[in-house]
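The values are calculated or read from the model by the stated rules, or taken from the named source; none is laboratory data. In this text the structure is predicted, and so the values were computed from the model without any measurement. No Cβ is skipped: glycine too gets one built from the backbone with ideal geometry, and neighbour counts run over all protein chains shown. For the accessible areas, the whole protein counts, side chains as well, though only heavy atoms, and no ligand, DNA or RNA atoms are used. Shrake-Rupley method; radii C 1.70, N 1.55, O 1.52, S 1.80 Å.
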Amino acid sequence: MEQSPAGGAYMRQYAWIGIALRVGTTVMVVLTLVTIGWTRPENAPSYDGSDIELVSAGGCTVRSGPATLNQNCIHVRGEGLHVDSINGYIQAGSFPYGPSTVCEITVEMTGTLAGNVPYFVSARTKPGCSFISRGITATVNKKFAPDSKICSRTYWGATYGWSTPACITVRY
């Protein structure tokens, strides 16, 4: 059970989308799992949204990399000006073949804490590779300045370099 974008306890509904490609005598099928909607389980508590507060925010920017569909992303968890954690990561995939492998990367996360104190974290992932996504999560547990930005950028080796930062704005 999770909270839907509209708030409340809902279950995510998924569907598989498939594309069949024919190359010579070979037929390849690419399947992707996508969210198609939300359903409210029977007996779930009702929710009118009157006291909703931001509990997470995120976004991505397009970046270069060895796959054809690469993104630099940020996901921030917290409430109001208080930030619990920041996750900076890369997602990689290729069209038409599907997800790609992401190996060691460096992630930098920046922002402005309450009192105009700079926030900066730079970390490298552990050695090894992951399928689709790889990144760093920083436990923050601090208040940020109102209307300040929290950004994350990723470094994917000398060939692809630093990404354009993905940012969110901290609101009350």
Item to check | Where Lys143 falls short, out of the listed (1) open to solvent by less than 90 Å² (accessible area, probe 1.4 Å); (2) in contact (Cβ under 8 Å) with a residue 60 or more places away in the chain | outcome: (1)
Checklist outcome for this item: Note on Ala145: of the conditions (1) modelled with pLDDT of 95 or more; (2) on the phi > 0 side of the Ramachandran plot, unmet is (2)
Checklist entry - Can you spot a residue in region 67-87 that is in contact with a strand residue (DSSP E or B) (Cβ under 6 Å, 6 or more places away or on another chain), modelled with pLDDT under 85, closer than 24 Å to Gly161 by Cβ and open to solvent by less than 40 Å² (accessible area, probe 1.4 Å)? => result yes
Next on the checklist: Can you find a residue that is under 22 Å from Ala57 (Cα atoms) and either outside any strand (DSSP E or B) or over 16 Å from the mean Cα position of the chain (by Cα) (or both) anywhere in region 124-138?
Outcome noted: yes
Checklist entry - Which pairs have Cβ atoms under 7 Å, sit 6 or more apart or on different chains, and link a residue in region 115-131 that is within 15 Å of Asp147 (Cα to Cα) to one that is of a type in the set (Val, Ile, Thr)? => result Pro118/Thr112; Tyr119/Thr110; Tyr119/Thr112
Next on the checklist: I want to confirm something. Restricting to region 148-172 and keeping residues that are in a strand (DSSP E or B) and of a type in the set (Gly, Ala, Ser), which single residue is modelled with the lowest pLDDT?
Outcome noted: Ala166
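State yes or no: is Pro165 at negative phi and surrounded by 16 or more Cβ atoms within 10 Å (Cβ to Cβ)?
Yes, satisfied.
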Next on the checklist: Checking the condition at pLDDT below 95, on the phi < 0 side of the Ramachandran plot, surrounded by fewer than 18 Cβ atoms within 10 Å (Cβ to Cβ) and touching a helix residue (DSSP H, G or I) at 6+ places or on another chain (Cβ under 6 Å), which residue from Ser94, Ser64, Ser56, Ser133 passes?
Outcome noted: Ser64
